[in-house]
Every structure is written in structure tokens, then in C-alpha cells.
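The values are calculated or read from the model by the stated rules, or taken from the named source; none is laboratory data. Quantities reported herein were computed from a predicted structural model and do not represent experimental measurements. Here the Cβ positions follow ideal geometry from the backbone for every residue, glycine too, while neighbour counts run over all protein chains shown.
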Amino acid sequence: MQKLLLAVDAISTFIGKTAAWAVVALTALISWEVFSRYALNNPHAWVLDAQIMLYGTLFMLAGAYTLAKGGHVRGDVLYGFFSPRGQAGVDLVLYIVFFLPGVLAMAWAGWTYAQESLAIREQTFSATPLPLYPFKFVIPVAAAALLLQGLAEIARCVICLKTGAWPPRGDDVQEVDVDKLKEMVHVQDADIAALDRELAAKQGST
């Protein structure tokens, strides 16, 4: 089971990191449009629509990756004080009551929207229209990835309820916190306190 859960994490990570390249494309597109608009006096009507679709693709496809890394917003004023079993129980109820119905509705509605958009070859409303139906298909794809990761999280909750401990997750790049940063540069709290006293003494003498 653990190998399966880590495989789902790896799929979500791959999708999220692949979608992250949209940031590069978005940055290049905006930079080129700014140059074209102000330096060449040649704006393009379709660029705004392309920017919105790129950002939307990034936002939606990153959902499963964020869930896999526990990065979604959580109201944990009391949650952090619960035992692992208590946390798993709360998570399991919320996944079943709210997450699954919402994601299933997103997948169903997204697939319907995408099919309808493809049937009429939907385009954006601008002087230079872009095809909109490829972007609509991102919705059910993102919902499917989110659903797969959600099922993995539900399995983790069940395992934690049985064992009393959360199963491990796959490793990934993490933000360096202050303690890790101190370890990297070999700085101790005592050294920082001594430096603060030295600076305060110098300021007092002046």
C-alpha cells in the first residue's frame, strides 16, 4: 500500500512540476508583449486571453501536487493539538463530506463543459480569437488528478487511524526554515546573542 501511495504522490508531483513550466511561458509572453506594445507600438489582442489560460492551467493542475505536499490552506487553530488519530478522523470526515462530492462534481461538470466547447469549436471573444476548448479540457484532467490524490489521502487517514501514525510521504524540495538555515551556515543562537550585545555596546558608546 505504501508503494502505491508514493506512486500517486509521484504522479501528482510530476503533473505539478510539468504545469509549473507555464510560469516560464507566462513570463516570456508578458515580457514580449510589454516590449511589443511599448517599444514597437504593436500590441496583440490575443495575449490577454493566452495569459489567463496559462495561469488557469497552472492553477488547476497544481492542485493535486499541493494536496500531496499538504500545502492547501488549513484552519488548524485546534487541529495541531490533536493526536495523529484525531487529525486523521477529522480529515477523513472532511474528505468524505466535502472533498469527494466537490471534486466529483468538478470532474463531471468539467467534462461536460469541455465536450460542449469542443462541439462548437468555442473561441475567445477578442479581435484575434483563440481556441478555448483545449483549455476547457484542463478542468476534468485537473479534477481527475485531484481525485486520485484525494483517494490516496483518504487511504492515509485510514492507515493512521489503524496505526496511530501518519504514513510517510515522498521527498520533495522544501522551503529552508530558519533553523535549517542556521545549521547550514553553522550559526548558533548564542553567537547571534553575542553579536547583538556587541552591536548594542557599540551603539551605546557612540
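So in the range 79-106, with the set limited to residues that are small (Gly, Ala, Ser) and closer than 16 Å to residue 144 by Cα, which one is nearest to the chain's Cα centre (by Cα)?
So the residue we want is 102.
Taking residue 30 as the residue in question, decide whether it is more than 25 Å from residue 132 (Cβ to Cβ) and either acidic (Asp, Glu) or surrounded by 13 or more Cβ atoms within 10 Å (Cβ to Cβ) (or both).
no
Is it the case that the range 139-152 has a residue that's modelled with pLDDT of 90 or more, under 30 Å from residue 43 (Cα atoms) and β-branched (Val, Ile, Thr)?
yes
If the Cβ limit is 6 Å and pairs must be 6+ apart or interchain, which residue in the range 128-139 that is assigned by TED's automatic domain parsing to the domain that holds residue 112 pairs with which residue that is assigned to a helix (DSSP H, G or I) and among the aliphatic types (A, V, I, L, M)?
If the second residue must be assigned to a helix (DSSP H, G or I) and among the aliphatic types (A, V, I, L, M), the pairs left are 133/118; 135/53; 136/114; 137/114; 138/60.
Do you know which residues across the range 104-129 are within 21 Å of residue 46 (Cα to Cα), out of contact with any Lys or Arg (no Cβ under 9 Å at 6 or more places or on another chain) and crowded, with 17+ Cβ neighbours inside 10 Å?
124
Within the range 19-34, how many residues turn out to be of a type in the set (A, V, I, L, M, F, W, C) and free of Cβ contacts under 8 Å to residues at least 12 places away in the same chain?
5
So, in the range 1-58, of the ones that are in contact with a helix residue (DSSP H, G or I) (Cβ under 6 Å, 6 or more places away or on another chain) and of a type in the set (D, E, K, R), which residue ends up nearest to residue 148 (Cα to Cα)?
9
Would you tally the residues in the range 8-52 being part of a helix (DSSP H, G or I) and over 30 Å from residue 154 (Cα atoms)?
22
Name the pairs: first residue in the range 87-113 and in contact (Cβ under 8 Å) with a residue 40 or more places away in the chain and closer than 19 Å to residue 73 by Cβ, second residue in a helix (DSSP H, G or I) and of a type in the set (Phe, Trp, Tyr), Cβ to Cβ under 9 Å, at least 6 apart or on different chains?
Here the result reads 87/79; 91/79, each pair linking the range 87-113 to a residue that is in a helix (DSSP H, G or I) and of a type in the set (Phe, Trp, Tyr).
Considering only residues of the range 49-104 that are at pLDDT 90 or above and of a type in the set (Phe, Trp, Tyr), which is farthest from residue 18 (Cα to Cα)?
Only one residue fits best here, namely 98.
Residue by residue through the range 52-75, note down the ones that are in contact (Cβ under 8 Å) with a residue 12 or more places away in the chain and of a type in the set (Lys, Arg).
Hit for the range 52-75 is 69, nothing else.
For the list (1) surrounded by fewer than 15 Cβ atoms within 10 Å (Cβ to Cβ); (2) out of contact with any Lys or Arg (no Cβ under 7 Å at 6 or more places or on another chain), I need the number of the one condition that residue 56 fails.
Every condition holds for residue 56 apart from (1).
Only one of these is among the small types (Gly, Ala, Ser) and within 17 Å of residue 70 (Cβ to Cβ): 164, 86, 102. Name it.
86
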